[in-house]
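Below you'll find the structure, written out as structure tokens, and then a few comments.
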Amino acid sequence: MVILLFFSLTFTASIDRTTVPVGESFNVSVIIEGDELSGIGEPEAPGIPGIQILGSSRSQSTQINFINGKLTKSTSLTFDYQMIANSEGEYTIPPFSLKYGGQHYETEPIKISVKKGVPRRNVPPPAVYEDRETRTGEFRNVFLDSDISKSSVYPGEPLVVSQFLYTKVNLGDIQLTSSPSYENVWVENVESPTRLDFSRATINGIAYQRALLKRDILFPLGEKDIKINPITINVLIRGDMFSFFGERKEISSETRTILVKPFPPGRLAEFIDAVGKFEIRADMDSSNLKVDSPFPLRLIVKGEGNISLMSAPKFPETRKLTTYDPESKVSSQVSGSTLKGERTFTYLITPKVSGIIEIPEIKWAYFDIKNETFVTRTIGPWQVRVKPSSEMGGEGETAKINKDISYVLPINGKTVSLMPKFFPLYFLPSILILLISGYYVLEARKIQGDRGYANMKVIPRELKNGFRKLEKEIAGNNPVQFYEDLTRLLLKFIKLKFHMESFGMKKIDIISELRDKKVPEQILPLLQELLERSETVRFTSLKLEKKEMTGDLKTAKEVINALY
């Protein structure tokens, strides 16, 4: 009988400093973490020319949790090695090795710089924040950094940006003073933790505790480079025994720029802006088609990529058909580092002649990121039978006409009126239909030609759906989702009403541009307060009750009514 034993194990090494004076000791920690570590031995320390190991110590900790009624256990073994370098220079501490469970494990090598200097006592330094301007080669104790999945992208190609807080010291109160903001991108939020969950991370051999602040997927809009603006937090850094109350500091991340490169040669005429991997199909009801009666043709695009941003496929022009710009409906969700879903474009097509009409084929192309090539998809053509708007003919119709005419002859010496009583009322339904149809045609043309007018037509529906969703979040007592949806609704309203790309702007820029557009001054502080409250709830552990959410929803409605 063969028994297979499955277990997970991590084996890492870190150093307390990467720069030390000659003759001063430093500490290297080797940590083994796993579900079951019984019978494990000490790692094998490498030989390090120029560096002497003064001694080592071992410690163990076990963490037990009950999750959904299930017991989980995690064990951690730490081996601390005290070392000293007797001459200056650049050194590399080779990997430590470990054999366990028939497997061989190694840590990553660690680089250390030994410089001339006055040795100090081997006492842990006080926990203070090191400003970026004053540090000289030493790693900061507390800092913010962005983990970016790609260094360069094509227009429309997604990349993931994760904002992290790193610390080597104990932190107290943490307040987000400016949230992540981006330029020249469409943003889809992946994760916004309601509380900071710290875990171990190693950077260049230095061990930190790391917590995720926010994770987004960015889609470049055009060929302009992406700018990731700094985020800022205000933290209380707890000090040592001589500074009991600690020190409050404001910490900012660095501005980052991501290169957006042009598409490679071979761009197809059918390509507009779809980037990813997609399939396309058509859905059409071709029964009972009549001249001048519009019918829908639906093109359904399914796959992964910038599905929320892509433009509609171009419909070929033909004199026998009139086509209006399509309506669009999208259903998508975050999947790994991109979006997956389905987008439907609905075209209203009006036949202008009767008979057998061909709806021409539609060619559409997307850019395949993985293979860096353009891919064409073709659907159609279709042949449909279109009836005249009213059909007359045949013997039956002729007989019916002759029969009607016979009633015009005199009966018993009396003539019968050719025009029935209340005859004008017979035309009233047709007149109403013509008026309504004409209104909708004019309305459609006006929407196509006037973007601002089109936006104003969309706003009431968006607000109605948005307010309904917010009321559900209040009823479910979900403040994080409530404030995320509230921010999205406010920014979308501003975008539609004032033609501003509000989703990629900072709060201060939104307020400034609204002020330039002569928005009532008393409304701007209320809007700014709502956006700031939303950030605070989404990025910190602040919890609000239904009463506060209801009050903020009421304020949001007042702001929107004043701006409408």
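The values are calculated or read from the model by the stated rules, or taken from the named source; none is laboratory data. Small disclaimer: the values here were computed from a predicted structure and weren't measured. Here Cβ is always computed from backbone atoms with ideal geometry, including for glycine, and neighbour counts include all displayed protein chains.
Some points to look at:
- Close pairs (7 angstrom Cβ cut-off, 6 or more residues apart or separate chains): assigned by TED's automatic domain parsing to the domain that holds Leu98 and surrounded by 14 or more Cβ atoms within 10 Å (Cβ to Cβ) in region 42-56, polar (S, T, N, Q) and in a strand (DSSP E or B) anywhere: Pro43/Ser97
- All of (1) under 26 Å from the mean Cα position of the chain (by Cα); (2) closer than 30 Å to Ile15 by Cβ hold for Pro220 with one exception: (2).
- Answer from Ser199, Ser179 - the residue that is touching a residue at least 12 places away in the same chain (Cβ under 8 Å) and more than 22 Å from the chain's Cα centre (by Cα): Ser199
- Screening Glu521, Glu473, Glu443 for residues that are in a helix (DSSP H, G or I) and modelled with pLDDT of 75 or more leaves exactly one candidate, Glu473.
- Checked against (1) among the hydrophobic types (A, V, I, L, M, F, W, C); (2) at pLDDT 85 or above; (3) outside any helix (DSSP H, G or I), Ile510 meets all criteria but (3).
- Test: Glu462 is at pLDDT below 85, outside the structural domain of Glu545 (by TED's automatic domain parsing) and among the acidic types (Asp, Glu): no
- Checking Val169, Val187 one by one, the residue that is among the β-branched types (Val, Ile, Thr), assigned to a strand (DSSP E or B) and touching a residue at least 12 places away in the same chain (Cβ under 8 Å) is Val187 and no other.
- The listed residues are Lys302, Lys249, and the only one of them that is at pLDDT below 90 and among the charged types (D, E, K, R) turns out to be Lys249.
- Region 381-398, subset of a type in the set (S, T, N, Q), surrounded by 10 or more Cβ atoms within 10 Å (Cβ to Cβ) and at pLDDT 50 or above, residue nearest to Trp364 (Cα to Cα): Gln383
- Tabulated pairs, region 75-99, first in the same structural domain as Phe26 (by TED's automatic domain parsing) and on the phi < 0 side of the Ramachandran plot, second basic (Lys, Arg) and exposed (fewer than 15 other Cβ atoms within 10 Å of the Cβ), C-beta under 6 angstrom, 6+ apart or interchain: Phe79/Arg58; Glu88/Lys115; Glu88/Lys116; Thr92/Lys111
- Residues that are assigned to a strand (DSSP E or B) and farther than 19 Å from Ile174 by Cβ within region 196-214 comprise Thr202, Ile203, Ile206, Ala207, listed in sequence order.
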